[in-house]
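Structure first, commentary second.
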Amino acid sequence: MKKSLMLLMTLIFVASAMLAGCGKSDNGKNTPANEGQKSTNNGEAAKVDDSPFEITIRHTQVGESKKFRLALLEDVVKQTQDAVPGLTIKLDAVDSEVNRKEKLRGEMAAGKPPEVFDVFGSPDAALYAKEGLMLDITPILDELGLKDKFTTLAPFTLDGKIYGLPIGGSIEGFFYNKEYFEQKGLKVPATLDELDKLAETIKADGKIPFAQSSKDAWIPLMTTNNLWSYYAGPEITYGFKSGETKWTDENVVKAVAKHKEWVDKGYYKKGELGFEYADMRNQIVTGEAIMMMDGSWANSVFRDAEQAGDMVGKIGYFNMPPVNAGDPVVVMQDANNGYGFSSAVAEDPRKMQAVKEFIKNMWTDEMQLRGLKEDGVLPAMKMDLEQMKTTSDDPLMQDIFKAVSEIGTSFPAFDALVQAEVNTALSMGIQQIIGGEIEPAKMLENVQAAQDAANAAGQ
């Protein structure tokens with residue numbers, strides 16, 4: 001009897017335990033009592049830390065022309081905040097040039113950059129990473145399966161480790177007033193000589209051939225960079241830092257001389273050294289100028305009625321043509337601008353979680369295609385050209401896709417390959433050329449002197 005009673009009680013206990021277990025078959029996900037809790041090592045429930053904390057994202061989406069990029073960032077911020085308990089993300093907007101050349105450098109020198117910040121991959125990220133100031137995100141990319149999804153991560157890679165991610169890709173070429181071309185019977189040039197003759201024809205018609213703003217030297221240097229990459233070959237820029245090539249190469253001198261010739265012939269509006277970046281776009285929008293050398297990212301301005309007015313649908317795009325007919329088309333194409341992360345984030349697990357969630361939300365096919373459709377930013381992640389074409393049927397975007405398909409040789413912008421001091425010397429030099437203060441050969445001697453000094457210092 002005792003054995004039977006003991007067996008019956010045992011069965012009742014086991015059955016009760018099984019029923020209790022069935023009641024928690026979803027691990028408590030549907031149980032209000034488990035809201036905000038997680039399991040500890042000893043099986044007890046522990047409350048998730050949802051106390052308030054903050055990270056800062058420094059971005060450069062400033063001004064009307066970047067409103068679509070800002071909207072995309074704001075959506076990613078909301079997704080990230082919603083996914084991380086207690087998180088508040090502070091957005092810190094700074095002009096791109098001010099951020100790169102002043103604010104971020106100062107913060108890095110003090111060892112206190114924001115948790116997330118806009119940064120150029122090469123050479124900036126490598127310099128900061130060498131000082132231990134940037135977070136190695138390689139493990140995060142491995143965990144999220146993103147490491148092999150980008151067209152290139154070279155600008156953000158140092159000694160096999162990845163320290164940032166490009167937000168998009170870009171090319172440089174000419175935007176032009178397609179309606180004016182059609183009215184005047186003009187055609188897209190196939191050589192630099194044809195581009196010269198086209199500019200002369202436009203000038204004779206009382207228009208400015210090339211819109212330009214040179215208060216910030218990087219803007220006219222887009223033209224110069226593409227010119228020397230044709231005259232001297234795009235590979236020459238790779239050798240300046242190693243000393244294998246020289247800025248004083250006769251073909252680089254020819255390229256700068258060509259830029260000076262365009263200035264001297266009046267192909268740019270007088271006073272360009274005083275014009276801001278937005279001013280040259282306005283020269284196109286008002287019909288004052290007919291062509292403009294700029295990055296493909298500028299297409300968002302000409303597709304937005306609030307910025308371009310009646311010119312929406314009337315702007316086209318073409319690559320700078322080669323010196324000789326039939327030569328390969330050489331184009332600046334890179335993915336060098338993006339976001340980096342402070343190494344100090346690694347000291348705080350919750351901030352690491354926030355950074356991981358930000359990366360997860362920002363770098364998706366959906367966001368890349370949205371950036372392409374809404375803002376015209378070419379994807380930094382691998383994407384089939386045909387898929388890109390179907391994302392936007394806008395005629396200007398189709399021109400840009402065509403330009404991408406025509407590229408024979410691409411190269412990164414010069415400032416991704418040379419030291420900051422060399423960039424400064426070149427910037428000063430091109431503004432002196434535009435101002436008529438110096439000749440190309442002398443200007444390039446000065447740049448080479450800065451290059452020699454930077455190379456000798458081992459930078």
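Tabulated data
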{"quantity": "Contacts under 7 angstrom Cβ, first residue in the range 82-103 being touching a residue at least 24 places away in the same chain (Cβ under 8 Å), partner among the basic types (Lys, Arg), 6 or more apart", "calculated": "Asp92/Arg58; Val94/Arg58; Val94/Lys103; Asn99/Arg58"}
{"quantity": "Residue, farthest from Asp294 (Cα to Cα), within the range 224-241, restricted to residues that are touching a residue at least 24 places away in the same chain (Cβ under 8 Å) and in contact with a helix residue (DSSP H, G or I) (Cβ under 6 Å, 6 or more places away or on another chain)", "calculated": "Phe240"}
{"quantity": "Strands (runs of 3 or more DSSP E) (entirely within the range 106-179) containing at least 1 residues that are within 18 Å of the chain's Cα centre (by Cα) and among the charged types (D, E, K, R)", "calculated": "116-120, 170-177"}
{"quantity": "Single unsatisfied condition, Ala217 versus (1) over 21 Å from the mean Cα position of the chain (by Cα); (2) small (Gly, Ala, Ser); (3) assigned by TED's automatic domain parsing to the domain that holds Pro412", "calculated": "(1)"}
{"quantity": "Check on Tyr238, among the aromatic types (Phe, Trp, Tyr), surrounded by fewer than 20 Cβ atoms within 10 Å (Cβ to Cβ) and closer than 24 Å to Val329 by Cβ", "calculated": "yes"}
{"quantity": "From Leu195, Leu227, residue being part of a helix (DSSP H, G or I), under 12 Å from Val323 (Cβ atoms), of a type outside the set (S, T, N, Q) and touching a His at 6+ places or on another chain (Cβ under 9 Å)", "calculated": "Leu227"}
{"quantity": "Only one of Leu104, Leu133, Leu72, Leu91 that is over 25 Å from Pro349 (Cβ atoms), out of contact with any Phe, Trp or Tyr (no Cβ under 9 Å at 6 or more places or on another chain) and not charged (D, E, K, R)", "calculated": "Leu72"}
{"quantity": "Asp310 part of a loop (DSSP other than H, G, I, E, B), farther than 16 Å from Leu146 by Cβ and not assigned by TED's automatic domain parsing to the domain that holds Gly132", "calculated": "no"}
{"quantity": "Residue count for the range 399-424, restricted to those that are assigned to a helix (DSSP H, G or I) and more than 27 Å from Lys314 (Cα to Cα)", "calculated": "8"}
{"quantity": "The range 236-282 - residue that is of a type in the set (Phe, Trp, Tyr) and assigned to a loop (DSSP other than H, G, I, E, B) and, of those, farthest from Ser410 (Cα to Cα)", "calculated": "Phe275"}
{"quantity": "Residue within the range 352-374 that is over 18 Å from the mean Cα position of the chain (by Cα) and in a loop (DSSP other than H, G, I, E, B) present", "calculated": "no"}
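The values are calculated or read from the model by the stated rules, or taken from the named source; none is laboratory data. Small disclaimer: the values here were computed from a predicted structure and weren't measured. Backbone-built Cβ (ideal geometry, glycine too); neighbour counts: all protein chains shown.
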